[in-house]
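The numbers here are math on the coordinates, done by the rules we state, and not lab data. Small disclaimer: the values here were computed from a predicted structure and weren't measured. Heads up, the Cβs are rebuilt from the backbone with ideal geometry, glycines too, and the neighbour counts pull from every protein chain shown.
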Amino acid sequence: MLSYIVWSPKPYIVDLGFTELRWYGLLFALGFIISQQIMFHIFKKEGKKEKQVEILTLYMVVATIIGARLGHVLFYEPARYLSNPIDIFKVWEGGLASHGGAAGILIALYLFSRKYDNISYLWILDRIVIVVSITAVLIRIGNFMNSEIIGEPIDKAYGVVFGREVELQLNYLTTAIEDVQVEKATTYGLIAGTLENDYQNPVKVTILYNGKNKLEDVKKFTENQLMTKLQDQNISQHIQFSKNADFQYNRKGGVIYASAYGEGVTRHATQLYEAISYLFIFVLLFYLWNKNRSGLADGRLFGIFLIGGFGSRFLIEFIKENQVAFEEGLILNMGQWLSIPLVLTGIYFVIQSFKAEKGN
């Protein structure tokens with residue numbers, strides 16, 4: 001049977017001390033590497049020069065990063081960044097918008113097509129959306145590894161409890177805390193006088209204290225400051241703890257472990273929903289290109305991509321947490337408003353491609 005998942009991986013692969021090798025960065029880069037290889041295949045099959053792919057890759061990397069960053073700045077947090085312009089360049093802190101990335105790519109491809117007589121704007125758009133789809137898959141998996149862009153709570157067994165925010169919130173309470181671990185609790189006994197079935201989605205949180213601290217001091221801190229922190233909204237939206245949560249203590253080696261159980265808040269894994277939809281779009285677009293190639297009417301693949309990609313984005317936004325506060329008062333959130341014109345544009349291109357096909 002399907003069961004809830006507790007998801008709280010470290011967002012980095014390895015900590016190098018001066019910096020971290022993060023999953024998101026690796027997957028983002030991998031998306032461009034895979035895309036370049038697919039474009040080499042496409043250009044070769046259609047008699048284009050491979051050198052053009054190398055130039056195209058440079059255009060795409062620069063356009064995606066600049067466009068996605070400026071899109072987030074302008075659409076989601078303009079006041080914050082206009083008051084602190086230097087923060088615009090801090091891409092490593094997060095804040096990339098796919099709609100801005102799309103706009104950047106459209107401009108870059110127009111400039112790219114102007115360089116070559118044998119490459120039209122619609123021709124390159126039809127091919128580039130194939131690889132944009134697979135890159136989007138990897139980027140959304142990167143978002144999942146970062147535990148960001150999460151979905152709304154869902155009262156189902158297959159939801160995901162995102163524990164990373166809980167770990168971060170507790171880790172910075174005091175230097176005495178060395179680590180925080182959030183995991184799924186499958187079996188446990190009497191917790192604060194209640195039976196285990198009182199928790200539908202039990203989650204175990206373990207605080208690792210430096211063993212140099214006295215056990216009495218650790219207990220006092222845990223049952224006062226830390227217990228208060230557990231009721232904070234940033235934590236309760238992921239794991240809900242009783243105000244009388246019962247902590248169990250034990251010392252192993254140089255570490256004191258304090259463990260308690262809470263009710264996990266299961267949410268939609270919207271990052272994976274989007275990744276799956278983009279993967280389906282990639283397979284469809286590649287199949288249509290491979291089957292028809294030069295016989296395919298210009299603009300059709302581009303139109304299908306806009307309809308499928310931003311249509312699925314529009315629908316998934318209904319079960320996704322809003323990214324910024326001002327979206328709470330909107331009928332549709334910012335992602336949905338930005339998706340509507342792109343879906344309509346896609347419909348236009350698909351219709352035009354069929355008209356052109358009939359005209360021939």
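So the values come out like this:
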| read-out | value |
| --- | --- |
| Point-to-point label distance, GLU20-ILE86, nm (Cα→Cβ direction, 7 Å offset) | 2.3 nm |
| Normalised alpha carbon radius of gyration of the stretch 160-264 [divisor 2.2 N^0.38 Å] | 1.00 |
| Where the Cα pairs of the chain fall when distances are cut into 20 Å bins, in % | 25, 48, 22, 5, 0 |
| Residue order, fewest to most surrounding Cβ atoms within 10 angstrom, among HIS238, HIS41 | HIS41, HIS238 |
| Computed FRET value (nearest 0.05) for SER236 with ILE107, which takes r as the C-beta separation and R₀ as 41 Å | 0.40 |
| Entries of LYS44/LYS115; LYS156/LYS184; LYS291/LYS320; LYS214/LYS243; LYS204/LYS229; LYS184/LYS212 with Cα pairs more than 26 Å apart | LYS291/LYS320; LYS184/LYS212 |
| Over the chain, relative contact order from alpha-carbon pairs under 8 Å, at least 6 apart, % | 20 percent |
| Cα centroid of the stretch 19-35 to Cα centroid of the stretch 275-302, whole Å | 24 Å |
| Label point 7 Å beyond Cα of PHE280 along Cβ direction - residues of the stretch 327-354 with amide nitrogen under 13 Å | none |
| Interchain or long-range residues, amide H under 5 Å from ILE13's placed H | LEU21, ARG22, TRP23 |
| Virtual spin-label span in nm between GLU46 and TYR249, 7 Å along Cα→Cβ | 6.8 nm |
| Sequence-distant residues sharing a close amide H with VAL255 (under 5 Å, placed H) | GLY211 |
| Over the chain: helical MRE at 222 nm, DSSP H runs n ≥ 4 each giving -39500 (n - 2.57), nearest 500 | -17000 deg cm²/dmol |
| Shape category assigned to the stretch 272-360 from the gyration tensor of Cα positions, a/c cut at 1.5 | oblate |
| Segment ARG293-ILE13, length gained on full extension (0.36 nm per residue, minus Cα span) | 96.8 nm |
| Cα shape, the stretch 98-166, gyration tensor, a/c 1.5 rule | prolate |
| Nearest-20 debye value, the chain charge dipole, Cβ charges on Lys, Arg, Asp, Glu | 1240 debye |
| Euclidean distance between Cα centres, the stretch 232-269 to the stretch 149-183, Å | 9 Å |
